[in-house]
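> Following this message is one structure expressed as structure tokens.
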Amino acid sequence: MSLTPKRVETHYAAVQGTYWASNCTLRGLMAVFLSYHGLNDAQIGYTSSLVYLCTITLSLLLSAWADRHPQSPLKRMVTALYLLSLAAAAVMYLLPLPILLMMAVYALDSCFHNCADSILNALMMQFVDNGIPARYGWPRGIGSITYALMAWVLGVLMEKHTPNIILPVFLVLCSISLIALFLLPDPGPRKLRESAPQVSYLTMIRRNPTLALLLCACILSGIGQCAGSTYLIRVVENLGGTSAQLGLAMFIQAGVELPMMFASGRLLKRFTARGLLTLSFFASAIKLLLLNLAPNLSVLYLVMAFSLFCFGIYGFASVLFVNSIAGEQEKVRAQSLLSLCYTGGIGGIVGNLLSAVLIGAIGLRNLLFLSFGLCLAGAIVMLLCARRHHKYFSL
């Protein structure tokens, strides 16, 4: 069977769909799951920071190794991460763990699963770099809709049962995702020039100011977004809702990303990835402000729909933008740096530590106002990045 763009996109959509459905169970409902197992808000914040600390460390090591060994299939690396994540989830499900051990095992489980994200992005870019013009947008959009549906389904299930149902659902979905990965066609060898020696991460960033500005913007925005994500359940509860309403809010938030993902091809014909990415940063700041001002659940649902302009755009524009500015032997590591500086990396570490320390001292509302300021700062830095890119790069 020939390797056509349609075939690649269809299989990759299956991979993204099952990956993000399983990610929702493990990470999207973290506060609910850990609260059920006896952790307070501060401990949840510390656990989330530990997740991102482990993720950033492992991803840096894996992406550097991948760029040094282009002959090693990226699919094999993702498979190993899936298996480790499944093993950690099985331990949490089968064994009664004290709080500290639960924090550690949960952090490792999430770390293994999170690290697969940037490698899956690099895997798709490998098809593109090898001359197969497969689209990234709509397959990633399938991931958004499966994430949304899973959030809604789990919200209903947790109302009928307990949050402990999260783990068996994750085990099933992650196993299905592993099967989808096996069925994904081989993208072929990565095309790298042997004469170009690999440089360090620091050198990569130092010699590419556009990338440096982008990463700074991601860190600031990532720090700002953490409180609204980690403690969304508290926002819902303050407005009189429960886990069912949380599931519906998450369903709306992720579900509205799908139209934008599907429209990515048309949008990129009219606008640059640079411009769309800048818009997404400013939209994320506005969304956080509106979230803090929401007077009731109905308005909260409308705020969640504003994600259409946030990750709905960021999800595809960031991957394409980074791929366009990364050096020939730096593409996998550049995708990893993108993930590791946003909410899943440095931004998540600092943001959740900050939230854990401040939520008891200044309260959720003031914390969200502070978070809005950080997101706005990130958007301004992204604007500077876009101007530099326009000046020094030809699209």
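The values are calculated or read from the model by the stated rules, or taken from the named source; none is laboratory data. These numbers come from a predicted model, not from an experiment. Ideal geometry is used to build each Cβ from the backbone, glycine not excepted, and the neighbour counts take in all protein chains shown.
> Kindly list, by first and then second residue, each pair from a residue in the range 202-228 that is assigned to a helix (DSSP H, G or I) to a residue that is aromatic (Phe, Trp, Tyr), limited to pairs with Cβ atoms under 6 Å and residues at least 6 apart or on different chains.
Once the first residue is assigned to a helix (DSSP H, G or I) and sits in the range 202-228, its partners that are aromatic (Phe, Trp, Tyr) give 218/342; 221/281; 222/342.
> Might you check whether a residue that is under 19 Å from the mean Cα position of the chain (by Cα) and either part of a helix (DSSP H, G or I) or farther than 17 Å from residue 144 by Cα (or both) occurs anywhere in the range 294-303?
no
> Now for a different question. Among the residues that make up the range 54-65, is at least one of them over 21 Å from residue 341 (Cα atoms), at pLDDT below 90 and not hydrophobic (A, V, I, L, M, F, W, C)?
Going through the range 54-65, the residues over 21 Å from residue 341 (Cα atoms) turn out to be none.
No: zero hits.
> Next question, about the same structure. Assess whether residue 86 counts as being within 16 Å of residue 8 (Cα to Cα) and either over 19 Å from the mean Cα position of the chain (by Cα) or part of a helix (DSSP H, G or I) (or both).
no
> Report the residue count in the range 167-178 for those that are over 19 Å from the mean Cα position of the chain (by Cα) and touching a residue at least 40 places away in the same chain (Cβ under 8 Å).
Number satisfying all stated conditions: 6.
> Exactly one condition in (1) in contact (Cβ under 8 Å) with a residue 40 or more places away in the chain; (2) of a type outside the set (Ser, Thr, Tyr); (3) within 23 Å of residue 333 (Cβ to Cβ) is false for residue 138; which is it?
(3)
> Right, something else. Looking only at residues in the range 342-395 that are among the small types (Gly, Ala, Ser), in contact (Cβ under 8 Å) with a residue 12 or more places away in the chain and not in a helix (DSSP H, G or I), which one is surrounded by the fewest Cβ atoms within 10 Å (Cβ to Cβ)?
That would be 344.
> Within the set of pairs 6 or more residues apart or between chains, which connect a residue that is farther than 12 Å from residue 312 by Cβ inside the range 250-269 to a residue that is assigned to a helix (DSSP H, G or I) and modelled with pLDDT under 80 with Cβ atoms less than 7 Å apart?
Correct list of pairs: 250/28; 265/137.
> Does residue 323 satisfy the criteria of being under 23 Å from residue 234 (Cα atoms), of a type outside the set (A, V, I, L, M, F, W, C) and in a helix (DSSP H, G or I)?
Criteria not met by residue 323.
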